[in-house]
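Read the structure below first, then the notes.
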Amino acid sequence: VKVPPVLSQDGSDLFVMTQNGVLYKIDTTTFTGTPDEVITLGGEFTVPIAMDEDGYLYALNSSGVLYKIDTTGTERHASTGLTSSDSAGVLIDGDGFVYVFGGGKIFVFNNGLINMTPGGYSTGQKITTTPAIVKGTDGVTYVIVPSSASDSSGKITILAFNPTVGTLTVEKVWDMPSSFPISAAVGVAPVNELNGNYYFATAT
């Protein structure tokens with residue numbers, strides 16, 4: 001198991017995805033007995049999965065295929081246009097849009113697995129950890145994407161997602177040519193709720 005487990009919204013079940021694509025459900029009231037096998041998917045799974053507010057799980061395999069899983073054992077899947085999953089997990093924003101990352105690229109899907117950003121966005125570097133998303137006071141969703149080009153450089157790109165026209169627009173880029181590659185997840189916290197500013201941090 002390389003994927004962090006996901007707890008159901010009511011806390012009664014823990015969902016565990018194995019590297020070879022078997023999803024198990026564990027009863028958290030006892031943690032005894034044999035876990036229920038929910039479904040077996042295709043490919044290798046090594047990056048974090050996500051659960052939406054309706055209880056569906058989203059998983060990205062190492063070949064770049066996105067799965068939407070009903071925890072009763074059915075699934076739908078979509079080819080994302082990614083060639084790999086890099087090291088970044090699936091993210092879901094407050095509007096239910098699903099963000100996937102791989103091969104230095106970013107795509108956004110709706111909960112029907114329709115690609116909202118057909119062209120996607122390419123950082124030109126490997127996305128080495130799970131990005132972060134925040135909603136601005138302007139109603140725009142911003143994606144904070146760390147990436148690395150080599151053993152000694154990296155950058156952070158902030159993108160704005162527009163679901164109406166299907167674009168990811170660059171808001172800001174910080175290049176760090178003298179740093180080690182960025183490998184830590186992005187942490188985000190609001191400064192205060194009056195001015196709408198955020199602090200975010202990652203590590204090299």
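The values are calculated or read from the model by the stated rules, or taken from the named source; none is laboratory data. Everything numeric here is computed off the predicted structure, so don't read it as measured data. Cβ atoms come from the backbone with ideal geometry, glycine included; neighbour counts cover every protein chain shown. Each accessible area value is taken on the protein alone, full model and side chains, heavy atoms only, with ligands, DNA and RNA left out. Shrake-Rupley method; radii C 1.70, N 1.55, O 1.52, S 1.80 Å.
Listing for the model above:
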{"item": "Criterion: within 12 Å of the chain's Cα centre (by Cα) and open to solvent by less than 10 Å² (accessible area, probe 1.4 Å) - qualifying residue of 89, 104", "result": "89"}
{"item": "Boolean, residue 68 is farther than 22 Å from residue 171 by Cβ and either surrounded by 18 or more Cβ atoms within 10 Å (Cβ to Cβ) or acidic (Asp, Glu) (or both)", "result": "yes"}
{"item": "Residue list for region 110-136, restricted to those being in contact with a Lys or Arg (Cβ under 9 Å, 6 or more places away or on another chain) and at negative phi", "result": "111, 112, 121, 122, 123, 125, 127"}
{"item": "Top-ranked residue of region 174-204 - restricted to ones that are under 13 Å from residue 143 (Cβ atoms) and open to solvent by 60 Å² or more (accessible area, probe 1.4 Å), ranked as modelled with the highest pLDDT", "result": "200"}
{"item": "Near pairs, Cβ below 7 angstrom, 6+ apart or cross-chain, from region 20-36 (over 22 Å from residue 75 (Cβ atoms)) to any residue that is among the hydrophobic types (A, V, I, L, M, F, W, C) and surrounded by 13 or more Cβ atoms within 10 Å (Cβ to Cβ)", "result": "28/14"}
{"item": "Among residues of region 122-141, those that are open to solvent by less than 50 Å² (accessible area, probe 1.4 Å) and either modelled with pLDDT of 95 or more or closer than 20 Å to residue 84 by Cα (or both), counted", "result": "8"}
{"item": "Close pairs from region 75-99: first acidic (Asp, Glu), partner open to solvent by 30 Å² or more (accessible area, probe 1.4 Å), Cβ under 6 Å, at least 6 apart", "result": "86/126; 93/133"}
{"item": "Residue list for region 71-86, restricted to those being buried (at least 17 other Cβ atoms within 10 Å of the Cβ), of a type in the set (Val, Ile, Thr) and more than 20 Å from residue 14 (Cβ to Cβ)", "result": "80"}
